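Below is one structure, written out as structure tokens, with a few remarks after it.
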Amino acid sequence: MVDVPVSCRSREYPLFKEKDVKILVTAKRVEDPESKIKVKPDGSDIVREGLKYKINPFDEIGVEEGLRLVAKHGGEVVVVSIGGKEVQEQLRHALAMGAQRAVWVNHTGALDQMGVAGLLQKVVEKEKPDLVVLGKQSIDDDQNQVGQYLAEYLGWGQATFASKVESLESEQEKSKTPALQVGADGKTVQVVREVDNGLATLECQLPAVVTTDLRLNLPRYASLPGIMKAKSKPIEELTPEKLGVDVTPKVQVVKLASPPERKAGIKVPDVATLVDKLRNEAKVV
Amino acid sequence: MLHGYGLYEEEHEAFRRTVRAVVEKELKPSASQWEEQEEFPRELFTRFAELGFLGLKYPEAYGGTEAGELYEAVLLEELGRCGSGGVAAGLGAQFTIATGPLHKYGTEEQKQRFLAPAIRGEKVGALGITEPDAGSDVAGLRTTARREGDCYIVNGSKTYITNGVRADFVVLAVKTNPEAGRKGLSLLVVEKGTPGFSVGRKLKKLGWRASDTAELFFEDCRVPVANLLGGVEGQGFPQIMGNFQWERLSLALGALGSMEEMLEVILAHVRERRAFGQALSGFQVVRHRIADMATAFEAARQLTYHALRLHVGGEYAIAQTSMAKKVATETCCRIADECLQLHGGAGYMMEYDIQRHWRDARLGPIGGGTSEIMTEIIAKQLGL
């Protein structure tokens, strides 16, 4: 007698989705924006004792957008972070939000934007995503460079500062539809981006690099089932050596200093005085 | 890495971050307004259901997540930080005292009818024990339920019932056999709209103002026998006692959250506020008072976590739970008072949050069994 094997697959046959997309997102560990940052007296670093850390808010928006795209098209969201063991906390956060897998580049020394983009380039070449979505900048040093460098290194198209046409309070936002539109053939992505005088819509060939602005979406909370599931999701460990990237920084931080304290403002009695002061004292009009 | 005093694990802390974000974004900004209106939006129940917060310790079969009591403990601590004792109490009553007995003792049919919709946030629940003449002395309750055919005829009244005004059902303590003392007690689920059940005025309170607290009246109110919790008469006393431990722990845990919040507020205040040419934090008298507060808070936290650890380990830790409830809620009151004092004149102003903490904290040593009752329980446990 021959046993007929029973498939281990779910009884429900998965419906065809429009197009599977593989999306790589980032999760940089940054100081909690709510915490008060103090510079060390010698200017070598900030005071790190007692600081809380979280995922870079712009990256979190990237994770959310990746999850929405995959919910619509099918596919996979892979999250990557670079740093010591502690960045696993940010990776687990993205996994708890719903990302399927994580890649951890274990590196504890200093890194500059070229180093980060170089490491991400190798991860991208290994993972071969259709789309890389990352924060337009991280809120610690606010450089706004990695996305652009990465696109250049990969030779891919880029769309920075992705935003949304409708309000974040809109029904569409509440129904969690993605703001990035992947073309029906799966070969292009449409991105609305913020520019000085309004919104511009770009179409990019895939694969591409997109960086997120603040008004792209409202990231979901990590739900309890999500937190539980994140426990068993895989985190692959890589190192700069394994990826073959020399991360010796080309940029060195010479000194950190706090911005000068703002002087208290003054109240003016009327518009005429205001205009006068703007014209003659501040010389801005 | 050791998280949360060897009690909480990494996942609990991840869940804490989620709850804290919800509290910061969705509760705190409106806390003052809701307190002023003496009501919070009913939609908060559905919102909390959507987030899975109303069914953390209940089985998946009824829409819960079965994550366990430690997750609910995290939720209770973080809710204590929302700045509105009333919001924390109204939402907390839903998942601690109103649904607790249903889950533990309800029949399958009762769980489907009441527990599941409460976890979904569709039905608001309340627990009705206290009466004008009896509270912790449950054997002295006077509300009666006389069996007549397939109904109970309920007569009597209840008071200080959290969620009483908008509750869709009340888990009501009644005497099914008035002569039998504590063995004559039963719990009966009474639905809103049942003829003979009326809600009196919404009570005005010193604190917890955003929660609705009501008097309930029952006059020849006919409740189907099918609503007898567990389907067996005379089990009310153990059914009430069975959930008291969690109720008391929940009040202790809420006090911890509230104390943590107040300490953060006062630390920021004394660093910013200046007098006689320096920040308040420069004065030894202020520094030492805050150090003492932090010490008292830590002691209360350790005792509460000790009781919680015993409880989730399956122990009936009645003495430790009573000690934790007494110490945590009383310490919370003292810290609120000290923090108000350190605010100086501002502490007496309604526009500062500290006055609300001070008013809200005062409920702690009263609700869920007074400090005096806690002390008596501890004495009994000592064999006195």
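The set of residues in segment B:44-98 being within 12 Å of chain A (Cβ to nearest Cβ), open to solvent by less than 10 Å² (accessible area, probe 1.4 Å), more than 23 Å from B:GLU264 (Cα to Cα) and among the aliphatic types (A, V, I, L, M) consists of B:LEU54, B:LEU56. Filtering B:PHE40, B:PHE15 for residues that are open to solvent by less than 30 Å² (accessible area, probe 1.4 Å), touching a Phe, Trp or Tyr at 6+ places or on another chain (Cβ under 9 Å) and more than 12 Å from chain A (Cβ to nearest Cβ) leaves a single hit, B:PHE40. In segment A:211-229, of all residues being more than 18 Å from A:GLN90 (Cβ to Cβ), part of a loop (DSSP other than H, G, I, E, B) and not charged (D, E, K, R), the one that is farthest from the other protein chains (Cβ to nearest Cβ) corresponds to A:LEU216. Please work out if A:TYR153 is within 14 Å of chain B (Cβ to nearest Cβ), in contact with a helix residue (DSSP H, G or I) (Cβ under 9 Å, 6 or more places away or on another chain), not in a strand (DSSP E or B) and not β-branched (Val, Ile, Thr). Against the criterion (within 14 Å of chain B (Cβ to nearest Cβ), in contact with a helix residue (DSSP H, G or I) (Cβ under 9 Å, 6 or more places away or on another chain), not in a strand (DSSP E or B) and not β-branched (Val, Ile, Thr)), A:TYR153 does not qualify. Considering segment B:361-384, and only residues there that are of a type outside the set (Gly, Ala, Ser) and closer than 17 Å to B:MET241 by Cβ, the residue that is surrounded by the fewest Cβ atoms within 10 Å (Cβ to Cβ) turns out to be B:LYS380.
For segment A:1-38, filtered to residues that are at pLDDT below 90 and of a type in the set (Lys, Arg), the residue that is most open to solvent (accessible area, probe 1.4 Å) is A:ARG11. Considering (1) out of contact with any helix residue (DSSP H, G or I) (no Cβ under 6 Å at 6 or more places or on another chain); (2) in contact (Cβ under 8 Å) with a residue 12 or more places away in the chain; (3) within 14 Å of another protein chain (Cβ to nearest Cβ); (4) farther than 20 Å from A:GLN88 by Cα, the lone condition that B:VAL23 does not fulfil carries the number (1).
Evaluation of B:GLU338 against the conditions (1) crowded, with 16+ Cβ neighbours inside 10 Å; (2) not in a helix (DSSP H, G or I) shows that the sole unmet condition is (2).
You will find that of A:VAL63, A:VAL103, A:VAL77, A:VAL70, the residue that is under 29 Å from A:GLN190 (Cβ atoms), touching an Asp or Glu at 6+ places or on another chain (Cβ under 6 Å), more than 14 Å from chain B (Cβ to nearest Cβ) and in contact (Cβ under 8 Å) with a residue 40 or more places away in the chain is A:VAL103 and no other. Working only within segment A:208-224, note down all residues that are surrounded by fewer than 24 Cβ atoms within 10 Å (Cβ to Cβ) and closer than 24 Å to A:GLU127 by Cα. If the condition is that a residue be surrounded by fewer than 24 Cβ atoms within 10 Å (Cβ to Cβ) and closer than 24 Å to A:GLU127 by Cα, then A:ALA208 is the only one that fits. In summary, A:LYS250 fulfils each of the numbered conditions (1) assigned to a loop (DSSP other than H, G, I, E, B); (2) out of contact with any helix residue (DSSP H, G or I) (no Cβ under 8 Å at 6 or more places or on another chain) with the single exception of condition (2). Would you check if there is a residue in segment A:115-124 being part of a loop (DSSP other than H, G, I, E, B) and either in contact with a helix residue (DSSP H, G or I) (Cβ under 6 Å, 6 or more places away or on another chain) or surrounded by fewer than 21 Cβ atoms within 10 Å (Cβ to Cβ) (or both)? No, segment A:115-124 contains no residue that is part of a loop (DSSP other than H, G, I, E, B) and either in contact with a helix residue (DSSP H, G or I) (Cβ under 6 Å, 6 or more places away or on another chain) or surrounded by fewer than 21 Cβ atoms within 10 Å (Cβ to Cβ) (or both).
Residues that are open to solvent by 20 Å² or more (accessible area, probe 1.4 Å) and farther than 25 Å from A:PHE161 by Cβ were ranked within segment A:80-100; the one that is farthest from the other protein chains (Cβ to nearest Cβ) is A:GLN100. From the list B:ALA299, B:ALA324, the one residue that fits, being within 18 Å of B:GLU260 (Cβ to Cβ) and surrounded by 21 or more Cβ atoms within 10 Å (Cβ to Cβ), is B:ALA324. For segment B:1-12, taking the residues that are within 14 Å of chain A (Cβ to nearest Cβ) and part of a helix (DSSP H, G or I), the one that is nearest to B:ASP353 (Cα to Cα) is identified as B:HIS12.
The values are calculated or read from the model by the stated rules, or taken from the named source; none is laboratory data. These figures come from a predicted structure and were not determined experimentally. All Cβ positions, glycine included, derive from the backbone under ideal geometry; neighbour counts span all protein chains shown. Just the protein is used for accessible areas: all its heavy atoms, side chains included, with ligands, DNA and RNA removed. Shrake-Rupley method; radii C 1.70, N 1.55, O 1.52, S 1.80 Å.
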